[in-house]
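I have placed the structure first, in the form of structure tokens, so that the comments after it can refer back to it.
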Amino acid sequence: MERHDSRVLNMRGFVPPDPETDVSRAHYAVVYVPRRSRNRFPAGCVELMTSAQDALNHADRSEKRFPARVVGPSKSSEGQSIYYLLEWLE
């Protein structure tokens, strides 16, 4: 899923959620990352929010906390709980 919109990243390697379960689903979140070049994040770096506005309000660029829509949690091949980026909100 690659679009020309710079907020949406290539999702190569992304495992889509199972439509029969509610395990992995889309969430608004604030993600702590040194650089916004990654498209998957350990669960410890993701703070889930109830809305896009909450994510925007709790973001802090100076602290490297960015608002996003993510999907997860999923288990990585290493057994860690991770979230995948759907889009940056700013």
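Read-outs throughout are calculated quantities, based only on the coordinates presented, and are distinct from any laboratory measurement. The structure displayed is predicted, hence computed values, not measured ones. As a convention, Cβ positions derive from the backbone with ideal geometry for all residues, glycine included, and neighbour counts pool all protein chains shown.
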Cβ-Cβ under 7 Å, sequence separation 6+ or interchain: first residue in the range 39-68 and of a type in the set (S, T, N, Q), partner part of a helix (DSSP H, G or I). Which pairs? none
Return yes when Ser74 is without any contact (Cβ under 8 Å) to a residue 60 or more places away in the chain, among the small types (Gly, Ala, Ser) and either part of a loop (DSSP other than H, G, I, E, B) or touching a helix residue (DSSP H, G or I) at 6+ places or on another chain (Cβ under 6 Å) (or both) and no when it is not. no
